[in-house]
Structures are given as C-alpha cells and as structure tokens.
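**Student:** Just dropping this structure here.
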Amino acid sequence: PFFFFFMTFCHVIADYNLQGILANFKQVKWWEQNYHTDKDEQNAETALMIHSGSWAFIVMLPIMLFMLITKQYNFHFYIVALGINSFIHNIVDDTKCNQETINYYTDQYIHMFQIALTWLIYYLIMIF
C-alpha cells in the first residue's frame, strides 16, 4: 500500500505542480487564441504527448524504486505499463481539454484508476 500512496503523491506532483505551461499548451483553444496557425492541433497534441509521457514516468517512479530496492526487476512490465499509462493519460486529457466531453472529476477518477490498476497488476506479477 505504501507504494500505491507514493504513486498517488507522484500523480499530484506530475499533474499539478510540474505541468506548468503545458496545461495551456495542450489545449487547441489556447493555441487558437494566442498563437493561431494551421498547426494548432499538432501543437496541442505535442504538448499532450510531452505531459502524458512525463506524467506516466513520474507516477511509475515508485515502482522503479521498488524494483531497484528489492532487486526484483521486471523491465518489460515497466516499459509496457509506461507506454499504456502515457497513452491513456493522453486520451483522457485530450477528452477533457479539447473534446470537452468529460469533466475534471472524471479525468482525475480515471487517472486514479490507472494508478490503482498499474500497482495491482505489478503486485500480482511480483507475488506469482
């Protein structure tokens, strides 16, 4: 449970404290209002990919630390989970920021579910 809460803390850091200007850059509307070009959607998607990748990496740091401390390495799981979490985070944030079909609370519930599922799968892999 400690590492799950550590992952949740990392989520707060990555999704709030470290996001910074990417919170604006990942919105197509922001590009249209501030630096309108024919590449507004690509600019927003690039920012979404950067944010999603960094979020997934930071949230999964506790699992990496656990692997290093216990010397129970499972880098295949880590790389696959990193990619899947980054992809899901990108879709969820795009749905919230650009498509506007989910709200902030749904966004956060999905991210917390990602964290719980990632830790649960890793935990089950380690005990079996």
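The values are calculated or read from the model by the stated rules, or taken from the named source; none is laboratory data. The structure displayed is predicted, hence computed values, not measured ones. Heads up, the Cβs are rebuilt from the backbone with ideal geometry, glycines too, and the neighbour counts pull from every protein chain shown. Just so you know, the surface numbers come from the protein's heavy atoms only, side chains and all, with ligands and any DNA or RNA stripped out. Shrake-Rupley method; radii C 1.70, N 1.55, O 1.52, S 1.80 Å.
**Student:** Name the helices (runs of 4 or more DSSP H) wholly inside the stretch 6-112 in which the number of residues that are touching a Ser or Thr at 6+ places or on another chain (Cβ under 7 Å) and either open to solvent by 50 Å² or more (accessible area, probe 1.4 Å) or under 18 Å from Y123 (Cβ atoms) (or both) is 2 or more.
**Tutor:** Of the helices (runs of 4 or more DSSP H) lying wholly inside the stretch 6-112, those with at least 2 residues that are touching a Ser or Thr at 6+ places or on another chain (Cβ under 7 Å) and either open to solvent by 50 Å² or more (accessible area, probe 1.4 Å) or under 18 Å from Y123 (Cβ atoms) (or both) span 75-97.
**Student:** Among the residues that make up the stretch 2-10, is at least one of them within 17 Å of K96 (Cα to Cα), modelled with pLDDT of 95 or more and not small (G, A, S)? Before the answer, list the steps.
**Tutor:** Within the stretch 2-10, the first condition is being within 17 Å of K96 (Cα to Cα), and the residues that meet it are none.
Checked the stretch 2-10: no residue is within 17 Å of K96 (Cα to Cα), modelled with pLDDT of 95 or more and not small (G, A, S).
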